[in-house]
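Note sheet for the following structure.
The values are calculated or read from the model by the stated rules, or taken from the named source; none is laboratory data. Note that the structure is a prediction, hence the values are computed from the model and not measured. Neighbour counts run over all protein chains shown; Cβ positions are idealised from the backbone, glycine included.
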């Protein structure tokens, strides 16, 4: 990465971003191919109830992304939920994640959703500190169960 970060913009993701998003998925711990992400991104941007924002440096290209979506459940009023957030590992701690989360929060407000939730793996202590610094509080601890179909 360039020592001079250049100007950073946050914008909606486009299909051309799939390969860069895939690299960042790997840094988040979810290895993905560009084709995988291209398919998933196409689905996400078609949804009226979801948005993907990317942080792009004019000198280095894409350096982060966030996926936010509306969550409609019978047990609670609709809210927004973060599906994923990652900033390029050498760029963390520079306010990029904060800007991506602000974009997600703005989107949720525009959708008239009263809360934004997220899930974070129990071992991600740095991420927990980041979210607490943004004003998020722990509201529940649970287990995730998965069955391959």
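Against the numbered list (1) part of a loop (DSSP other than H, G, I, E, B); (2) farther than 18 Å from residue 17 by Cα; (3) within 15 Å of the chain's Cα centre (by Cα), residue 148 comes up short only at (3).
Screening the range 1-117 for helices (runs of 4 or more DSSP H) wholly inside it with 1 or more residues that are closer than 21 Å to residue 134 by Cβ and modelled with pLDDT of 95 or more returns the ranges 18-28, 96-110. With respect to (1) farther than 21 Å from residue 15 by Cα; (2) in contact (Cβ under 8 Å) with a residue 12 or more places away in the chain; (3) more than 12 Å from the chain's Cα centre (by Cα), the lone exception for residue 38 is condition (1). Scanning the range 75-85 for any residue that is more than 20 Å from residue 116 (Cα to Cα), touching a residue at least 24 places away in the same chain (Cβ under 8 Å) and either touching a helix residue (DSSP H, G or I) at 6+ places or on another chain (Cβ under 8 Å) or surrounded by fewer than 18 Cβ atoms within 10 Å (Cβ to Cβ) (or both) turns up nothing.
Restricted to the range 9-31, and to residues that are without any contact (Cβ under 8 Å) to a residue 24 or more places away in the chain and more than 15 Å from the chain's Cα centre (by Cα), which residue is nearest to residue 127 (Cα to Cα)? Only one residue tops the list, namely 31.
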